[in-house]
Amino acid sequence: MTKYEAILFFSIATMKTVSDHSGYMLPYDPFTYFPNNAKYHEIHHDYKGFNKNFQQPFFTFWDSYFKTKKIC
């Protein structure tokens, strides 16, 4: 990965993480189309789901693999 690709990737990953932690599902937010959006990540911060939905920033297959996935 070149330094420009790394800058692009980590910039997008940071924006995705901010979107997930905002707690809002805004209609114009392109990150809401990912399967692990703000609603999915909110379960991770809920006191009942503190050990669920780790997934950051793009993939949910690790939650399925380790059985930590909780459906919203």
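Values quoted throughout were computed directly from the atomic coordinates according to the rules given, and no laboratory measurement underlies them. No experiment lies behind these values; they were computed from the predicted model shown. Positions of Cβ are backbone-derived with ideal geometry, glycine not excepted, and every protein chain shown enters the neighbour counts.
At-a-glance table
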{"quantity": "Local net charge near Leu26, Cβ-Cβ under 15 Å (Lys/Arg +1, Asp/Glu -1)", "calculated": "-1"}
{"quantity": "Residue-span extension gain [Phe59 to Leu8] - 0.36 nm each, minus C-alpha spacing", "calculated": "16.6 nm"}
